[in-house]
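*Asks:* Before we start, here is the structure in question, set down as structure tokens.
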Amino acid sequence: MGFVDTIREYINRHELLTADGRYLVALSGGADSVCLLRVLLLLGYQVEAVHCNFHLRGEESNRDENFVKALCKQHSIELHLIHFDTATYASLHQVSIEMAARELRYRYFEQLRQDTGAQGICVAHHEDDTVETVLMNLLRGTGIHGLTGIKPRNGNVLRPLLCVSRKNITEWLKEIGQDYVTDSSNLKADVVRNKVRLHLVPLLREINASATDNILTTARRLQEASRVYDDAIRQSLDRLILADSIEINRLQQEPSPESVLFAWLSPKGFSPAVIEQVADALNAPQAGSEWQSDTHQMTISRGRLVVEEKRTNRPTLRLPETGTYVYTESEKIRLSTLDGQHLDKRPSVACLDIATVRFPLTLRPTQQGDRFQPYGMTGTRLVSDYLTDRHLTVFEKRRTLVLCDADGRILWLVGHRTAAPFCISPATERTLLVEWLHSV
């Protein structure tokens, strides 16, 4: 099968492009992207080119831009051109130059795709890129997915050249008399990918001439194996997860509890090292143990692993008189008075004898050492003990609020129980109605 036919068959097999679709082609001017553009034109697809000038290589960057302009003019292709101050972006966001360029170009590609109504963004990754990616992931330490290489499709990003090698590409360009530009930064072993490309891959080929072919074959086999793996993990999660928690005993009965944990927790920002710590803790789970990611927190409670999003610290709010007060964007508290004795058994409502309460009131998070006398009980109890008896997680306890009067006495453990000394009694003449209002 010829070069172009190989790519045509790959596109059809993976259903990457449609005959009536319109696509953006990321065109750097290098051999790979020029090849991609020319092949898609030969196959009859409707394409527009996109070029990013990152201003990282001085005159060479301008040379690439001029080459791309001339190529698009020659083939009557619409060109979208953008300039980036990549170095400044990298400094402001404290990322590497390589990461900055990646973030800038893919953000622009997607915005342009939406603005133009294009069906996808075609990029020129090929077989050699897959080999390099597998090796880089192996060096970093990776799971099964990191060894499957680059996927033909990632959302709106399409990769029609993953079926051909860099050698195939340059030979075909030579055959059709198409020139291209060379990025000199790719010839310097200054970043990991370049070191892998310039040093590691040639060494592997020296050891075994079929090394890269074998790596590609292994990556394809692992792609198939990962489908079985993903299906099994998905079934496990469907069985185990209940309200963002998993029963530890049931989790330990799975063939690989750590794999299940990784699939559940990594999307929530937990690092592999933290997930490994959690897996180790399952052998002797201790209630109240905690783990954190940037966005989520996890604890052990009542034999379950419980995960929730992190929330901002609860503020303290002063309530000088009756009325409605905004506590957070989704929470309010309303104080009103009623003549006589009024009772409401909803957990979100407290009915207090206003004669026993001294304003101003304060709404605040619970504190260590807080005590109150729950309605229906004799003597005082630590708020923390009361909440433990109600089987709240450590995170739920931290979110719990108390309503106090001017003397610091707890009137209401919000959403749970009023304090006995302030409840309605036969002697009550006026009721202070307190309502906790929460909107989802």
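*Asks:* If you scan the range 312-353, which residues turn out to be of a type in the set (A, V, I, L, M, F, W, C), within 28 Å of Ser425 (Cα to Cα) and exposed (fewer than 15 other Cβ atoms within 10 Å of the Cβ)?
*Replies:* Hits for the range 312-353 are Leu338, Leu343.
*Asks:* Anything in the range 188-213 that is farther than 30 Å from Arg57 by Cβ and exposed (fewer than 13 other Cβ atoms within 10 Å of the Cβ)? List them, or say none. Outline the logic, then answer.
*Replies:* In the first step, residues of the range 188-213 are kept if they are farther than 30 Å from Arg57 by Cβ; the result is 206-211, 213.
Scanning the range 188-213 gives Glu206, Ile207, Asn208, Ala209, Ser210.
*Asks:* Six or more apart or on different chains, Cβ under 7 Å: which pairs go from a residue in the range 197-211 that's closer than 19 Å to Leu187 by Cα to one that's open to solvent by less than 60 Å² (accessible area, probe 1.4 Å) and assigned to a loop (DSSP other than H, G, I, E, B)? Could you list them?
*Replies:* What qualifies is Leu198/Ala189; His199/Ala189.
*Asks:* How many residues, within the range 136-150, are touching a residue at least 60 places away in the same chain (Cβ under 8 Å) and open to solvent by 20 Å² or more (accessible area, probe 1.4 Å)? Talk me through it step by step, then tell me what you get.
*Replies:* Residues of the range 136-150 that are touching a residue at least 60 places away in the same chain (Cβ under 8 Å), as a first pass: 136, 141, 143-145, 147-149.
With the extra rule that they be open to solvent by 20 Å² or more (accessible area, probe 1.4 Å), the set shrinks to 141, 143-145, 147.
Final tally of qualifying residues: 5.
*Asks:* Among the listed residues Ile169, Ile150, identify the single one that is touching a Leu at 6+ places or on another chain (Cβ under 9 Å), under 26 Å from Glu15 (Cα atoms) and assigned to a helix (DSSP H, G or I).
*Replies:* On the way: Ile150 fails: assigned to a helix (DSSP H, G or I).
Only one candidate qualifies: Ile169.
*Asks:* State the number of residues belonging to the range 50-96 that are closer than 21 Å to Leu112 by Cα and among the small types (Gly, Ala, Ser).
*Replies:* Residues that pass the stated criteria total 1.
*Asks:* So for the range 354-361 (the condition being buried (at least 18 other Cβ atoms within 10 Å of the Cβ) and within 15 Å of Gly415 (Cα to Cα)), does at least one residue qualify?
*Replies:* The answer is no, given that none of the residues of the range 354-361 is buried (at least 18 other Cβ atoms within 10 Å of the Cβ) and within 15 Å of Gly415 (Cα to Cα).
*Asks:* Now for a separate question. Just to verify a result, which residue in the range 80-114, among those that are polar (S, T, N, Q) and not in a helix (DSSP H, G or I), is least open to solvent (accessible area, probe 1.4 Å)? Steps first, please.
*Replies:* So the first thing to find is which residues in the range 80-114 are polar (S, T, N, Q), and the list is 86, 88, 91, 94, 96, 111, 114.
Now narrow it down to the ones that are not in a helix (DSSP H, G or I): 94, 96.
Numbers: Gln94: 164, Ser96: 58 Å².
Looking at the filtered set, the residue picked out is Ser96.
*Asks:* Also, quick follow-up: Cβ contacts < 9 Å: first residue of a type in the set (Val, Ile, Thr), restricted to the range 213-225; second residue part of a helix (DSSP H, G or I) and surrounded by 13 or more Cβ atoms within 10 Å (Cβ to Cβ), any location; separation 6+ or different chain. Result?
*Replies:* Correct list of pairs: Ile215/Thr130; Ile215/Val131; Ile215/Val134; Ile215/Leu135; Ile215/Leu204; Thr218/Val134; Thr218/Leu147.
*Asks:* Go through the range 378-427 and report how many residues are within 24 Å of Gly303 (Cα to Cα), over 34 Å from the mean Cα position of the chain (by Cα) and among the aromatic types (Phe, Trp, Tyr).
*Replies:* Adding up the residues that qualify gives 1.
*Asks:* Let me ask something additional. Determine whether the range 212-226 contains at least one residue that is under 21 Å from the mean Cα position of the chain (by Cα) and part of a helix (DSSP H, G or I). Reasoning before the result, please.
*Replies:* First, the residues of the range 212-226 that are under 21 Å from the mean Cα position of the chain (by Cα): 226.
Right, trim to part of a helix (DSSP H, G or I) and you get 226.
There is at least one residue in the range 212-226 that is under 21 Å from the mean Cα position of the chain (by Cα) and part of a helix (DSSP H, G or I).
*Asks:* Being within 24 Å of Gly2 (Cα to Cα), in contact (Cβ under 8 Å) with a residue 12 or more places away in the chain and not small (Gly, Ala, Ser): is that true of Arg193 here?
*Replies:* Working: within 24 Å of Gly2 (Cα to Cα): no; in contact (Cβ under 8 Å) with a residue 12 or more places away in the chain: yes; not small (Gly, Ala, Ser): yes.
When the stated conditions are applied, Arg193 does not pass them.
*Asks:* Go through (1) modelled with pLDDT under 95; (2) of a type in the set (A, V, I, L, M); (3) in contact with a helix residue (DSSP H, G or I) (Cβ under 8 Å, 6 or more places away or on another chain) for Val357 and report which single condition fails.
*Replies:* (1)
*Asks:* Of all residues in the range 429-440, which are within 21 Å of Asp353 (Cβ to Cβ) and either open to solvent by less than 10 Å² (accessible area, probe 1.4 Å) or touching a Ser or Thr at 6+ places or on another chain (Cβ under 6 Å) (or both)? Can you show your working first?
*Replies:* First, the residues of the range 429-440 that are within 21 Å of Asp353 (Cβ to Cβ): 429-436.
Those that are within 21 Å of Asp353 (Cβ to Cβ) and either open to solvent by less than 10 Å² (accessible area, probe 1.4 Å) or touching a Ser or Thr at 6+ places or on another chain (Cβ under 6 Å) (or both): Arg430, Thr431, Leu432, Leu433, Val434, Trp436.
The values are calculated or read from the model by the stated rules, or taken from the named source; none is laboratory data. Everything numeric here is computed off the predicted structure, so don't read it as measured data. We place every Cβ from the backbone using ideal geometry, glycine too, and count neighbours over all the protein chains shown. Calculation scope for accessible area: heavy atoms of the full protein, side chains included, ligands and nucleic acids excluded. Shrake-Rupley method; radii C 1.70, N 1.55, O 1.52, S 1.80 Å.
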